[in-house]
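Participant: The structure that follows is given in the form of structure tokens.
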Amino acid sequence: MQILQDKNIVLGITGGIAAYKTPELVRRLKDHGANVRVVMTEGAKAFITPLTLQAVSANAVSDSLLDPQAELAMGHIELAKWADLLLIAPTTADVIAKLAAGLANDLLSTLCLATAAPIVVCPAMNQQMWHAKATQANINTIAARDITLWGPAEGEQACGDIGKGRMLEVDDIVSKTCEFFSVKSLANQHWVITAGPTREAIDPVRYISNHSSGKMGYAIAQAALNAGAKVTLISGPVGITAPSACQLINVESAVQMHQQAMKMAESATVFIACAAVADYRVENIAEQKIKKQAGQDSMKINLVKNPDIVADVAQLANKPFTVGFAAETQDVEQYALGKLRNKNLDMIAANDVSKAGQGFNSSDNAITVFTADDKHDIALASKHEVAKQLVAFIEAKAELKS
Ligand code: C5P
């Protein structure tokens with residue numbers, strides 16, 4: 001079942017430039033199974049047409065409190081009762097002020113008073129307007145009335161300013177919506193996840209690393225957050241953004257990752273080693289950039305073994321439920337089961353990285369998950385989907401064990 005299946009979302013759109021992103025938002029919410037009905041303010045219609053939103057939502061767009069046709073059936077009350085969530089994105093400073101004052105002089109502000117559904121606002125405005133004392137006072141007022149705030153984000157603004165006031169990206173709003181509706185089965189749990197590659201320095205400008213993108217570990221972090229866990233993500237250098245709700249610890253080398261993992265694992269209920277950790281590091285890192293020598297056609301770098309992070313976590317006295325990954329190119333099951341035993345793991349997720357379009361650096365993956373007495377296939381899908389299924393499987397197994 002999709003996470004937003006049968007959820008009724010009223011999307012209020014107000015008059016900000018970020019309104020141009022809302023058709024994509026509607027589509028993405030619908031992709032997750034939501035029913036979406038759109039309400040637009042007069043200002044919103046200056047930025048985007050009701051026809052566009054009608055087409056993507058597959059529902060009539062409401063924009064008037066005084067629409068005789070809609071009000072024949074008490075349209076605004078019907079809409080207020082229909083909603084499981086009233087999401088307003090973008091939300092202008094003007095609409096925030098209206099909510100703070102409790103006005104009801106258009107359809108959207110009336111709905112806010114008439115609905116028993118939770119209300120979420122995603123502010124979008126110029127950074128100076130966001131920091132204005134009046135806006136901040138209004139934000140405090142609506143927050144005290146249990147209206148939830150998502151964002152705003154910082155960055156470049158349509159007007160050229162840089163600062164706080166951008167509407168959250170559509171991806172973030174969608175994942176927050178999924179999180180909002182998800183069953184919080186992992187509440188009170190602390191999941192620690194390693195992700196990405198490590199970098200083993202050779203000298204101040206060179207290092208040994210690998211092609212790990214971090215996507216699988218980051219997707220697991222998001223899925224665990226969605227299920228209500230507190231998540232610590234210990235990440236090597238990657239080019240993707242971590243979910244905003246997790247505790248992110250950036251590291252470079254395997255030794256740094258080991259140090260952080262051992263510290264965080266003390267309070268973890270589940271530990272997932274998704275990182276592609278370098279097995280060896282340079283024994284003596286040169287303090288200065290190594291120069292090529294005339295007449296020298298080869299050079300040797302001596303490597304020493306790195307600590308095995310997941311194996312060390314699995315030796316802790318109060319060991320969390322410990323999950324490893326095995327990226328293999330042959331005899332996947334045999335190698336994976338060997339690692340499960342040798343590293344004292346509770347579970348191992350094996351993937352065949354020799355297959356095109358899955359695993360390393362790809363957006364898709366297929367894994368087979370082993371415990372000492374069970375085997376479970378998760379078929380080729382996006383890493384987000386695979387992560388969701390893996391989190392559910394870990395949850396079931398960890399519960400049985402505890
Ligand atoms: O032994 P191998 O590197 O194939 O094992 C893979 C699993 O062990 C992965 O879960 C990886 O994150 C973890 N690992 C680790 N520390 C290392 C090497 C691997 O945590 N030094």
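The values are calculated or read from the model by the stated rules, or taken from the named source; none is laboratory data. Because the structure is a prediction, the values reported are computed rather than measured. Positions of Cβ are backbone-derived with ideal geometry, glycine not excepted, and every protein chain shown enters the neighbour counts. Accessible surface areas use protein heavy atoms only, side chains included; no ligands, DNA or RNA. Shrake-Rupley method; radii C 1.70, N 1.55, O 1.52, S 1.80 Å.
Participant: Quick check: the distance between the Cα centres of region 146-162 and region 1-59, to the nearest angstrom?
Facilitator: Rounded to whole Å, the Cα centres lie 19 Å apart.
Participant: Specify the angular offset, from 0 to 90 degrees and rounded to the nearest 10, of the alpha carbon long axis of helix 215-226 from the longest principal axis of the alpha carbons in the chain.
Facilitator: The angle comes out at about 50 degrees.
Participant: Continuing with the same structure: Using a Gaussian network model on the chain with a 10 Å cutoff between Cα atoms, which of LYS30, LYS305, LYS45 fluctuates the most?
Facilitator: LYS305
Participant: Using only Cα atoms, what is the ratio of the radius of gyration of region 1-42 to 2.2 N^0.38 Å? Numbers along the way, then the final one.
Facilitator: On the way: Rg = 11.0 Å, N = 42, 2.2 N^0.38 = 9.1 Å.
Rounded to two decimals, the normalised Rg is 1.21.
Participant: Among the DSSP beta bridges whose two residues both lie in the chain, what percent are antiparallel, rounded to the nearest 5? Mind showing how you got there, number by number?
Facilitator: Working: 20 of 62 bridges.
About 30 percent, rounded to the nearest 5.
Participant: Dividing the Cα convex hull volume of region 200-280 by residue count, how many Å³ per residue is that? Write down the numbers at each step before the final one.
Facilitator: Values: hull volume 7.8 nm³, N = 81.
In region 200-280, the Cα convex hull volume per residue is 96 Å³.
Participant: Dipole of region 15-105, Cα-centred, from +1 at each Lys and Arg C-beta and -1 at each Asp and Glu C-beta, to the nearest 20 debye?
Facilitator: Working: 8 positive and 9 negative charges, 54 e Å.
It comes to approximately 260 debye.
Participant: Right, here's the next one. Among 115-126, 137-148, what's the highest-first ranking by average C-beta atoms within 10 angstrom per residue?
Facilitator: Working: 115-126: 21.7, 137-148: 14.6.
My ranking of the peptides, most packed first, is 115-126, 137-148.
Participant: Per DSSP H run of at least 4 residues, take -39500 (n - 2.57); add these up for the chain, divide by its residues and hand me the 222 nm value, nearest 500 deg cm²/dmol. Each step should come with its number before you reach the end.
Facilitator: Values: 14 runs with 135 residues, N = 402.
So the calculated ellipticity at 222 nm is -9500 deg cm²/dmol.
Participant: One quarter of the convex hull surface, Cα atoms only: what value does that give for the chain in nm²? All intermediate terms of the calculation are to be shown ahead of the outcome.
Facilitator: Values: hull surface 99.4 nm².
That works out to 24.8 nm², a quarter of the Cα hull's surface.
Participant: Could you give the Stokes-Einstein D for region 8-181 in µm² per second, using the C-alpha Kirkwood radius, 4 °C, 1.567 mPa s? Kindly include the intermediate steps, with their values, before the conclusion.
Facilitator: Working: Rh = 15.9 Å.
Result for D is 81 µm²/s.
Participant: Rounded to the nearest whole Å², what accessible area per residue is found for the chain with the 1.4 Å probe?
Facilitator: Working: 19620 Å² over 402 residues.
That works out to 49 Å² per residue.
Participant: I would also like to ask the following. Can you tell me what share of the DSSP beta bridges in region 323-402 is antiparallel? A percent to the nearest 5 is fine.
Facilitator: Details: 10 of 16 bridges.
About 60 percent, rounded to the nearest 5.
Participant: Using all alpha carbons of region 174-227, what is the percent of pairwise distances in each 10 Å bin, ordered from the shortest bin to the longest?
Facilitator: Pairs per bin, as whole percents: 22, 34, 23, 15, 7.
Participant: Can you tell which of SER182, LEU248, LEU107 lies farthest toward the positive end of the dipole of the chain, using +1 and -1 charges on the Cβ of basic and acidic side chains (Lys, Arg; Asp, Glu)?
Facilitator: LEU248
Participant: Share of the chain's accessible area from carbon and sulfur, percent, 1.4 Å?
Facilitator: On the way: 9870 of 19620 Å².
The C+S portion of the solvent-accessible surface of the chain is 50 percent.
Participant: Right, another one. Positive end of the charge dipole of region 275-316 (Lys, Arg +1 and Asp, Glu -1 on Cβ, about the Cα centre): tell me which of ALA276, GLY295, ASN306 has its Cα farthest that way.
Facilitator: GLY295
Participant: Any idea what % of Cα-Cα pairs in region 80-218 are farther than 24 Å? Intermediate values should be presented prior to the final figure.
Facilitator: Numbers: 4685 of 9591 pairs.
Result: 49 percent of Cα pairs exceed 24 Å.
Participant: So, taking all protein chains as they sit and a 1.4 Å probe, how much accessible area belongs to LYS343, in Å² rounded to tens?
Facilitator: 50
Participant: Using a 10 angstrom cutoff on alpha carbons, build the Gaussian network for the chain and name the most mobile of ASP84, ASP203, ASP352.
Facilitator: ASP203
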